[in-house]
Amino acid sequence: MSLDRRTFLRRASLGAVGLTAGAQLSAADRAPTLPTFDERAPEKFWSAVRDQFPLSRQLTYFNTGGLGPASTPVLARAAEITRQLQEKSEHGHALHEGAREILARFIGAESAEIAFVRNATEANAIVAAGLKLAPGDEVIFETHAHPGGSFPWANQEKLRGVVLKLFEPATDSSDNLARITALLTPRTRVVQVSHVTAPTGIVMPVDAIARLCRERGIWFHLDGAQSAGMFPFSLHAIGCDSFATSGHKWMGGPLETGVLFIRRERIIEVAPTLVGAYSGELDFLPGELKLVSTALRYEYGTRNAAAIVGLGEAVLFQERIGRARIAARGRELATRVRSGLARLPSVEILTPMDAPSAMTTFRSAKLPYDQLFARLMKDHAIRCRPVSEQKLNAVRVSTHLFNSPAEIDALIAATEKILRNA
Ligand SMILES: Cc1ncc(COP(=O)(O)O)c(C=O)c1O
């Protein structure tokens with residue numbers, strides 16, 4: 001990078017920093033006022049939370065696991081930053097720094113360990129492509145991994161001869177540790193699990209898996225696309241080496257936002273596949289590219305800073321409501337889904353009844369899953385997600401902070417009606 005370009009970038013960043021500080025103040029001032037949470041009458045509070053989402057009232061939305069709607073404060077913040085940046089025609093990359101601090105707090109990490117990427121798939125792929133692996137080195141992950149978690153490894157199988165060892169996730173979460181242990185060999189280099197599995201919402205015993213990997217010097221990568229924003233956790237407490245998530249699911253961030261975490265002392269072990277401005281320094285050509293020592297090395301080129309600021313706002317939005325409260329609400333609604341559906345004669349619940357997740361996957365012997373999914377949508381405007389993975393042939397229901405008990409009751413009544421007439 002030439003000196004002039006660097007000077008320009010620094011000046012542009014300084015301008016944008018001024019913008020951050022001012023805009024943060026105004027965002028705090030505009031924070032939605034929610035009623036005090038009253039345990040004896042919680043629906044008043046949750047109804048005010050629902051009012052913060054422009055999500056259509058014509059739709060009963062149970063697909064946060066696919067894509068989470070953003071709230072009005074998030075959309076307003078992203079629009080405001082877009083406007084401010086356009087007024088000066090600035091890229092605003094320096095605005096990432098405020099969001100990075102917020103995200104670090106949210107996932108229990110340092111800001112130097114975080115890179116903003118476009119989605120969870122990209123974060124998973126950076127780790128899969130960047131770790132130094134030789135042909136025959138083995139990677140363990142579950143058969144229920146989402147394509148965003150499995151394809152990056154399938155690609156490394158093709159490109160580098162990495163060997164994939166798969167385990168069927170157990171519904172009793174603690175069995176998963178034994179299933180992983182059974183696959184370990186001296187060639188095991190990486191263990192990856194979904195924090196919460198996408199097809200059926202199983203929560204993996206991540207603390208125990210992290211311990212196992214640490215004891216054996218195995219890299220532990222956690223795919224948290226379904227966990228970040230569903231319940232609180234700390235990556236430092238878990239002790240994984242790397243972590244990926246989407247901002248546009250349970251966190252309620254803008255589309256095309258994702259986060260990659262790599263434990264500080266291990267950043268050096270993940271070679272970046274794509275680099276450019278921000279990843280490092282190269283004063284003169286020819287010369288040696290010096291990568292920055294932080295996870296910033298995985299960011300490059302012009303990005304949509306407004307979306308990343310919007311993701312920070314999504315975190316603030318959840319914090320204002322209370323992360324533990326959101327987790328408890330999602331679980332409570334999932335319990336209502338599970339017990340309501342379990343009462344229907346032909347229904348089989350694939351998610352463990354006590355799984356501490358906010359997802360429930362079910363199927364019925366009376367009607368193919370794709371027809372059940374389509375009927376719920378077409379006749380009742382209830383949006384779930386069909387689960388075709390591993391021939392599970394089921395329907396998934398995600399329950400999040402904007403959903404209500406009344407919506408769950410409508411889902412159960414609609415399912416009962418559809419199945420009665422099937
Ligand atoms: C476990 C898991 N990993 C990765 C992904 C891919 O997410 P994204 O579309 O943000 O890349 C998903 C999406 O559902 C997922 O459930």
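Taken together, the values in this text are just the output of simple stated rules run on the coordinates, not laboratory data. Since the structure is predicted, the reported quantities are computational estimates derived from the model, not experimental observations. Note that we place each Cβ from the backbone using ideal geometry, even for glycine, and neighbour counts take in every protein chain shown.
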Query raised in the report: Which residues in segment 174-202 have a backbone N closer than 18 Å to a point placed 7 Å from the Cα of Glu157 along the Cα-to-Cβ line?
Result: 180, 183-185, 187-194
**Report entry** Overall Cα dimensions of segment 323-420 - principal axes, largest extent first, Å
**Finding:** 37, 27, 22
Report summary line: Scalar couplings 3J(HN,Hα) for segment 210-220 by Karplus 6.51 cos²θ - 1.76 cosθ + 1.60 (θ = phi - 60°), nearest whole Hz, x for Gly and Pro, are 4, 4, 4, 5, 4, 4, 9, x, 9, 5, 10
Requested in this report: Could you grab the relative contact order for segment 323-420? Cα pairs under 8 Å, six or more apart, rounded to a whole percent.
Outcome: 31
Requested in this report: Go ahead and run the numbers for FRET between His236 and Leu55, Cβ-Cβ distance against an R0 of 25 Å, rounding to 0.05.
Outcome: 0.15
Query raised in the report: Taking amide H positions as placed 1.01 Å from N in the peptide plane, with prolines and chain starts having none, which residues 5 or more places from Ser279, or on another chain, fall under 5 Å of its amide H?
Result: Gly301
Query raised in the report: For the chain, with the dipole built from +1 on Lys and Arg beta-carbon atoms and -1 on Asp and Glu ones, taken about the Cα centre, which of Gly224, Leu350, Val292 lies farthest toward the positive end?
Result: Leu350
Query raised in the report: Could you work out the helix-only [θ] at 222 nm for the chain, with each DSSP H run of four or more residues adding -39,500 (n - 2.57) and the total divided by the number of residues, to the nearest 500 deg cm²/dmol?
Result: -13500 deg cm²/dmol
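Measure up Lys88/Lys249; Lys158/Lys290; Lys249/Lys290; Lys165/Lys391; Lys249/Lys417; Lys132/Lys165 against 28 Å on the Cα-Cα distance and list the ones that go over. Write out the running numbers ahead of the final one.
Working: Lys88/Lys249 31 Å; Lys158/Lys290 30 Å; Lys249/Lys290 35 Å; Lys165/Lys391 19 Å; Lys249/Lys417 30 Å; Lys132/Lys165 18 Å.
Violating the 28 Å limit, Cα to Cα: Lys88/Lys249; Lys158/Lys290; Lys249/Lys290; Lys249/Lys417.
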Query - Descending semi-axes in Å of the chain, equivalent ellipsoid built from Cα gyration tensor - result: 36, 30, 17
**Report entry** Listed residues Leu75, Leu376, Leu222, most fluctuating in the chain (Gaussian network, C-alpha, under 10 Å)
**Finding:** Leu376
Report task. Determine ³J(HN,Hα), in whole Hz, for all residues of segment 186-199 in sequence, where each value follows from phi through the Karplus function 6.51 cos²θ - 1.76 cosθ + 1.60 and θ = phi - 60°; x replaces Gly and Pro. Result -> x, 8, 5, 10, 9, 10, 10, 9, 7, 4, 10, 6, 5, x
**Report entry** Distance (nanometres) between label positions extended 7 Å along Cα→Cβ at Ala410 and Leu164
**Finding:** 3.9
Report summary line: Whole-Å distance linking the alpha carbon centroid of segment 301-335 with that of segment 208-277 is 17
